[in-house]
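Chemist: Structure in structure tokens, see below.
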Amino acid sequence: MPLINYLTQIQFGFGSLAQLSQECTRVSIQRPLIVTDAGVRAAGLVDRVVAQLAGLPVAIFDGTPPNPNEDAVRKAVRLFNDSRCDGLIAVGGGSAIDLAKGVAVCARHAGELKSFALIEGIGSYHARHRTCGGRAHDGRHRKRGWTRRHLDT
């Protein structure tokens, strides 16, 4: 199975979904919040993810907009906290990944989302994951993907 080890561990490729339960165990996730959008959920992909989680209790946030903003992050954070989640699984493209990163920060730290951006309003730089091989999910690019349009509500 292809593997990227750079600040985070990323498994990808055919059959990688079968590793999800093992990965949750490895990083001690027992109650994940699945972050996705309505289209991905309607396509049945979230059901396939849940089926791989070996009966773990999950919460699902499917309100991810095309360009995640503070309001969407706060709604997902409320679900994360209300459901007593202890980890995140993003299912979809760059929008779900970006929103999950916002939840990861805001679920444990007070303040506006923009206060966590490395460079506020950088505009021209934005890492997006659309297909396998995107860089929005690797550790080095995690926080830089939040541009001003993501920070506005």
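The values are calculated or read from the model by the stated rules, or taken from the named source; none is laboratory data. Note that the structure is predicted; figures quoted are calculated from it, not measured. Here the Cβ positions follow ideal geometry from the backbone for every residue, glycine too, while neighbour counts run over all protein chains shown.
Chemist: Looking only at residues that are touching an Asp or Glu at 6+ places or on another chain (Cβ under 7 Å) and touching a residue at least 40 places away in the same chain (Cβ under 8 Å) in region 56-69, which one is farthest from Gly93 (Cα to Cα)? Give the derivation first.
Modeler: At the first step, the residues of region 56-69 found to be touching an Asp or Glu at 6+ places or on another chain (Cβ under 7 Å) are 62, 64, 68-69.
Filter again for touching a residue at least 40 places away in the same chain (Cβ under 8 Å), leaving 68-69.
Working: Pro68: 12, Asn69: 15 Å.
Step by step, filter region 56-69, then rank; the result is Asn69.
Chemist: Only one of Arg31, Arg84, Arg26, Arg74 is modelled with pLDDT of 95 or more and loosely packed, with under 12 Cβ neighbours inside 10 Å; which? Before you say what the answer is, go through the steps one by one.
Modeler: Working: Arg31 fails: loosely packed, with under 12 Cβ neighbours inside 10 Å; Arg26 fails: modelled with pLDDT of 95 or more; Arg74 fails: loosely packed, with under 12 Cβ neighbours inside 10 Å.
So the residue among Arg31, Arg84, Arg26, Arg74 that is modelled with pLDDT of 95 or more and loosely packed, with under 12 Cβ neighbours inside 10 Å is Arg84.
Chemist: Now for a separate question. Please go through region 24-40 and pick out each residue that is in contact with an Asp or Glu (Cβ under 7 Å, 6 or more places away or on another chain) and of a type in the set (A, V, I, L, M).
Modeler: Result: Ile29, Ala38.
Chemist: What's the number of the only condition in (1) buried (at least 20 other Cβ atoms within 10 Å of the Cβ); (2) of a type outside the set (Asp, Glu); (3) on the phi < 0 side of the Ramachandran plot that Gly92 fails to meet?
Modeler: Failing condition for Gly92: (3).
Chemist: On the basis of being part of a helix (DSSP H, G or I) and either in contact with a Lys or Arg (Cβ under 8 Å, 6 or more places away or on another chain) or buried (at least 20 other Cβ atoms within 10 Å of the Cβ) (or both), does Leu99 make the cut?
Modeler: Considered against the rule, which asks whether it is part of a helix (DSSP H, G or I) and either in contact with a Lys or Arg (Cβ under 8 Å, 6 or more places away or on another chain) or buried (at least 20 other Cβ atoms within 10 Å of the Cβ) (or both), Leu99 comes out as yes.
Chemist: Determine whether region 72-81 contains at least one residue that is outside any loop (DSSP other than H, G, I, E, B), without any contact (Cβ under 8 Å) to a residue 12 or more places away in the chain and closer than 24 Å to Ala117 by Cα.
Modeler: yes
Chemist: Let me ask you something else. I need the full set of residues from region 2-16 which are closer than 17 Å to Ile97 by Cβ and of a type in the set (A, V, I, L, M, F, W, C), in order please.
Modeler: Ile4, Leu7, Ile10, Phe12
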